[in-house]
Amino acid sequence: MRAAERILVALDTPDEDRALGLAHALAGRVGGVKVGLELFSAHGPGLVRKISGTGLAVFLDLKLHDIPNTAGGAAAAAARLGAAWLTVHALGGDAMIRRAVEAACAAAAAEGRTAPIVLAVTVLTSHDEADLRRIGLEGSCESAAVRLTRLARDAGAGGIVCSPREIAAVRAAFPSATVVVPGIRPAGDTAAGDDQNRAATPGRAVADGADRIVVGRPVTGAPDPAAAADAIAREIEEAS
């Protein structure tokens, strides 16, 4: 896989014109773009279809966490939209993950599409051990991520979302997983007001075993987003 293909750019904005402008600027320069809750809640499936029209693969990061039937219905709808990747919360449990995978595959097959890779989110990059204790999870972020990875693996998930610090442990627990890693900051980047507690550089994350990395503000907040994405691709190549 080329370095540029490993990059998924997070379109974390409620502004449709800005999101589409970024998509057009990045088409052919990165592996895809992430549509998260903010953008999806503002503009819904129609915008996903418009972004897909630029030729970019869409990472639909909705972090589904509901009863199995509801999560399955949402996963099926995402598959019909043509999403390449779809997230569910591993904390939703094995029955929910399994139902989401089955529903996404069935919906995609019915329309002659490739099913999205269902990615199970382990521990959010904004969390640390103190946050885990407050929500009732004991132990380190790494141990929690590994437990959830094993659960997702056994439920049929195609991949895992984890922080850069858990890549090696997650890869060991689920060798065939597509490992997607947010919390990426290019070397020398100092994002003011950043809410990522467990971050790493692009080169370090890929060297540690990430298949795809998710980058937001360092690209979308740059004066020239395409040039910023190209610089990240070079950073990955130089670290290889």
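Computed quantities for the displayed model
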{"item": "Test: A155 is in contact (Cβ under 8 Å) with a residue 12 or more places away in the chain and buried (at least 16 other Cβ atoms within 10 Å of the Cβ)", "result": "yes"}
{"item": "In segment 52-77, the residues that are farther than 25 Å from C162 by Cα and in contact with a strand residue (DSSP E or B) (Cβ under 8 Å, 6 or more places away or on another chain)", "result": "S52"}
{"item": "Members of segment 14-52 found to be under 26 Å from A210 (Cβ atoms), out of contact with any Asp or Glu (no Cβ under 7 Å at 6 or more places or on another chain) and assigned to a loop (DSSP other than H, G, I, E, B), listed by number", "result": "A27, G28, V30"}
{"item": "Any helices (runs of 4 or more DSSP H) falling wholly within segment 104-203 and containing at least 1 residues that are within 25 Å of A10 (Cα to Cα) and under 17 Å from the mean Cα position of the chain (by Cα)", "result": "141-154, 167-173"}
{"item": "Failed criterion for T87 (all others in (1) within 17 Å of the chain's Cα centre (by Cα); (2) over 20 Å from L148 (Cα atoms); (3) not hydrophobic (A, V, I, L, M, F, W, C) hold)", "result": "(2)"}
{"item": "Filter pass, T178 being of a type in the set (S, T, Y) and either in contact with a helix residue (DSSP H, G or I) (Cβ under 9 Å, 6 or more places away or on another chain) or buried (at least 21 other Cβ atoms within 10 Å of the Cβ) (or both)", "result": "no"}
{"item": "Test: residue in segment 93-109 that is closer than 25 Å to A23 by Cα, crowded, with 20+ Cβ neighbours inside 10 Å and either free of Cβ contacts under 8 Å to residues at least 12 places away in the same chain or of a type in the set (D, E, K, R) (or both)", "result": "no"}
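No lab work stands behind these numbers, since they all come straight from the coordinates. This one's a predicted model, so the numbers in the text were calculated from it and none came from an experiment. When we count neighbours, we look across all protein chains shown, and the Cβ atoms used for this are built from the backbone with ideal geometry, even at glycine.
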